[in-house]
There are 2 protein chains.
Amino acid sequence: MDKINLAWRYLKWYQDAITPFLDDYFQAKLSQAKRFGQVPYVALEHFYQLIQRGKKVRGAFMVLGYQLGGGLNEGLIIKTSLFIELLHTALLIHDDIMDQDQTRRGLAAGHVYLTQYAKERRHPNPSLFGLSNAITIADTAFYLSWQRLMESEFNDSLKVKTGRLYADYIIRLAYGQMLDVANLYQWHSDREEILKIFKYKTAEYTGSLPLILGYTLAGGVDDGIKQALRDYGLAFGWIFQIKDDILGIFGDPQKTGKGVGSDLVQAKNTILVWYVENRAKPRFRTKLAKLMGLKKLSLTQLDQAREIFTQSGAYDYAKQLADEYLDKGLKTIDKITQHKDQADLLKAFLYLAFKRDK
Amino acid sequence: MDKINLAWRYLKWYQDAITPFLDDYFQAKLSQAKRFGQVPYVALEHFYQLIQRGKKVRGAFMVLGYQLGGGLNEGLIIKTSLFIELLHTALLIHDDIMDQDQTRRGLAAGHVYLTQYAKERRHPNPSLFGLSNAITIADTAFYLSWQRLMESEFNDSLKVKTGRLYADYIIRLAYGQMLDVANLYQWHSDREEILKIFKYKTAEYTGSLPLILGYTLAGGVDDGIKQALRDYGLAFGWIFQIKDDILGIFGDPQKTGKGVGSDLVQAKNTILVWYVENRAKPRFRTKLAKLMGLKKLSLTQLDQAREIFTQSGAYDYAKQLADEYLDKGLKTIDKITQHKDQADLLKAFLYLAFKRDK
């Protein structure tokens with residue numbers, strides 16, 4: 001538990017450190033938006049609320065990657081790391097449209113919020129208004145993200161190097177997202193594709209990307225360390241994703257800020273579903289099939305699903321898989337750093353992903 | 001007419017010059033997408049078809065801006081200019097979702113094409129599939145666009161400078177887009193907002209942006225020339241937009257590749273509508289109101305609308321406004337260049353925007 005606290009403290013430190021900058025940044029951006037008109041202002045205001053409430057794991061990882069690369073200008077990397085958080089919130093807004101999720105981080109999802117706004121003002125087509133402006137505020141934020149990187153005070157060569165990596169990763173992520181969408185609402189899916197979704201949509205993006213971007217911004221060029229960071233990030237991301245899938249069924253919506261069971265409604269290929277589909281006894285598949293893709297899931301049905309996942313072995317399998325990635329992740333650490341403090345922190349983050357309940 | 005030919009020839013030269021690179025580029029990107037899966041491949045393939053069929057005015061303008069800045073490496077700027085065309089096609093895909101347009105450049109719009117694809121494969125939710133993948137292929141292309149700029153062979157300092165301008169402009173464009181969406185389906189709109197939409201969504205983006213980006217990539221730093229390029233681009237863009245609005249009502253869909261009359265169905269605030277609303281006799285407003293925002297527009301109703309725009313003076317007003325911007329644009333030219341050939345070409349592009357029928 002001490003180990004985890006180290007990671008919590010680091011995350012908390014980062015959240016606190018970025019807050020004043022985040023506030024200044026959005027104050028400036030909001031007054032620019034206001035000069036354009038009410039709708040850009042309202043959309044950006046909601047975006048600001050969403051980004052404030054994020055866990056900011058990716059931003060913190062970028063700072064950590066920078067420190068692992070020997071970077072010493074904390075103020076600079078913290079301000080710059082906002083670019084990955086701008087991207088992340090933008091992606092979530094598009095994601096919530098695709099998944100038809102209603103809430104995000106305890107608030108209305110972007111399109112839901114903007115639809116509601118239009119309804120209150122008797123706009124003749126509120127849901128199109130909500131959809132369109134949610135698409136566009138996220139598009140705006142992609143460019144705010146690039147603007148943040150480009151106008152940071154790193155030297156131009158580091159910015160371009162980082163920008164290239166950033167683009168490469170997000171293109172892969174986007175393809176992962178398309179596979180995810182294609183497999184939504186049809187759970188009898190291509191086994192290889194599901195694994196690719198896990199890898200590119202979450203693991204690589206959540207873990208490897210921010211660490212490597214931060215390392216690059218510090219001027220880090222050691223290929224061995226880069227590879228180890230990538231592996232560490234993948235392990236972290238896998239654990240993160242597995243926990244996400246578990247929390248999506250067994251979690252407490254008060255803590256996660258997301259609806260429980262929506263993965264089932266969307267017939268999403270989580271690791272739990274994947275196990276039942278590919279490894280469990282046929283009777284569990286039959287039972288689960290009845291609960292997948294329903295318009296609404298009752299609490300009783302949610303309990304049934306939980307039982308299926310527990311009794312079929314899916315839950316244990318997911319936990320065991322997380323265990324394996326924990327081991328894999330731990331093994332990369334001595335290739336990344338010889339500093340005990342840094343190693344402890346990297347360990348702590350793996351345990352944090354492993355133990356998180358939100 | 002000779003004057004226009006100069007611009008047509010330049011545009012044709014650019015289209016021909018970029019084609020082999022475009023083909024190589026997409027061949028490489030398509031095989032990457034294919035390694036991910038069928039859906040990314042199909043979505044990118046359609047994107048490729050869309051980009052091929054574009055007029056490529058923006059790409060050509062970027063090359064022109066580069067030449068005006070004294071740049072001599074044609075091969076390099078042509079390859080790099082693809083980044084603005086990638087962006088433009090991406091924006092059109094999101095735009096078609098918001099405007100609910102069905103066709104684009106003579107093909108099915110992105111979301112329509114992908115919905116059809118899903119239907120043929122009996123996907124359980126084809127329209128969500130189409131919407132989601134259209135959102136995502138455009139998101140991908142935003143990052144392909146940045147990747148193209150970042151990996152071009154310009155020096156890092158020019159890339160960062162250009163990237164900053166690029167981001168600044170697109171953020172303004174996105175806010176213009178939100179105002180546009182907000183005013184869709186409600187034509188009694190804020191007069192100032194409409195003018196802002198015209199300015200940021202089209203004029204600045206179509207004309208000024210690519211010219212200034214090209215000029216910057218050539219290493220151009222003369223503030224007077226930059227301002228003149230901006231003014232020239234705005235004039236060009238205004239003419240372009242006014243013609244767009246006229247063609248949207250009076251154009252030939254065979255040539256424009258877009259449905260005629262859809263501006264009325266969407267109750268879009270075109271310059272024609274703006275005139276009837278703000279300047280024409282009340283009886284025209286009353287008549288027009290009956291034709292705005294209908295679910296479908298018959299050919300008879302389209303004719304009625306044409307009559308209203310002609311008789312109210314809206315058509316003449318739009319033509320006259322285009323005339324004024326033509327004059328404004330012509331006056332900027334001697335602040336941009338002293339070379340007769342370049343000046344003739346800049347003139348020709350203004351006349352081209354003025355006379356285009358597609």
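The values are calculated or read from the model by the stated rules, or taken from the named source; none is laboratory data. Quick caveat, the model's predicted, so the values are computed rather than measured. Cβ: placed from backbone, ideal geometry, glycine included. Neighbour counts: every protein chain shown. For the accessible areas, the whole protein counts, side chains as well, though only heavy atoms, and no ligand, DNA or RNA atoms are used. Shrake-Rupley method; radii C 1.70, N 1.55, O 1.52, S 1.80 Å.
General remarks:
- On the beta carbon distance between A:Phe21 and B:Glu120, with R0 = 51 Å, the FRET formula returns roughly 0.55.
- At the residue level, B:Leu173 shows approximately 10 square angstrom of accessible surface with a 1.4 angstrom probe and all protein chains present.
- Highest-first arrangement of A:269-275, A:152-158, B:176-182, where packing means the average Cβ count within 10 Å: B:176-182, A:269-275, A:152-158
- Amide H contacts for B:Thr103 (H built 1.01 Å from N in the peptide plane; partners 5 or more residues away or on another chain; cut-off under 5 Å): B:Ala109, B:Gly259.
- Charge context of A:Lys79, other residues only, Cβ under 9 angstrom, K/R +1, D/E -1: 0
- Candidates A:Ala141, A:Ala28, A:Ala343, ranked by Gaussian network fluctuation over chain A, Cα under 10 Å, top entry: A:Ala28
- Chains A and B together, accessible area buried on both sides, 1.4 angstrom probe, square angstrom: 5400
- Charge context of A:Leu30, other residues only, Cβ under 14 angstrom, K/R +1, D/E -1: 0
- Distances from A:Leu76 to itself in the other copies, using label points 7 Å out along the Cα-Cβ axis, amount to 2.7 nm in increasing order.
- Separation of alpha-carbon centers, region B:1-22 and region A:217-286, rounded to whole Å: 50
- Within the protein assembly as shown, helix-based [θ] at 222 nm, where runs of 4 or more DSSP H residues each add -39,500 (n - 2.57), nearest 500: -25000 deg cm²/dmol
- For the peptide A:90-103, the mean number of other protein chain Cβ atoms found within 10 angstrom of a residue's Cβ is 2.
- Residue mean of other protein chain beta carbons inside 10 Å, B:120-130: 3
- Computed over chain B: relative contact order in percent, which uses C-alpha pairs under 8 Å that are six or more apart: 20
- From most to least packed by mean Cβ count within 10 Å, the peptides A:218-224, B:302-308, A:94-100 give A:94-100, B:302-308, A:218-224.
- Simple label model, 7 Å out from Cα along Cβ direction - B:Glu45 to B:Asp327, nm: 5.3
- Other copies of A:Arg306: label-to-label distances in nm, shortest first, labels 7 Å along the beta-carbon direction: 6.7
- Tensor-based shape of region B:141-261 (alpha-carbon gyration tensor, a/c under 1.5 rounded, otherwise prolate or oblate): prolate
- Nearest-to-axis residue in chain A, judged by Cβ distance to the rotation axis that brings A onto B and given in whole Å, is A:Asp156, 2.
- For B:Asp168, inter-copy label distances in nm, listed shortest first [label point 7 Å out on the Cα-Cβ vector]: 3.0
- Amide N of region B:38-60 lying under 12 Å from the label point, which is placed 7 angstrom from the Cα of A:Glu192 along Cα→Cβ: B:38
- Rounded if a/c under 1.5, otherwise prolate or oblate - region B:226-277, Cα gyration tensor axes: oblate
- Solvent-accessible area per residue for the protein assembly as shown (1.4 angstrom probe, square angstrom): 39
- Whether chain A is rounded, prolate or oblate, judged on the alpha carbon gyration tensor where a/c under 1.5 counts as rounded: oblate
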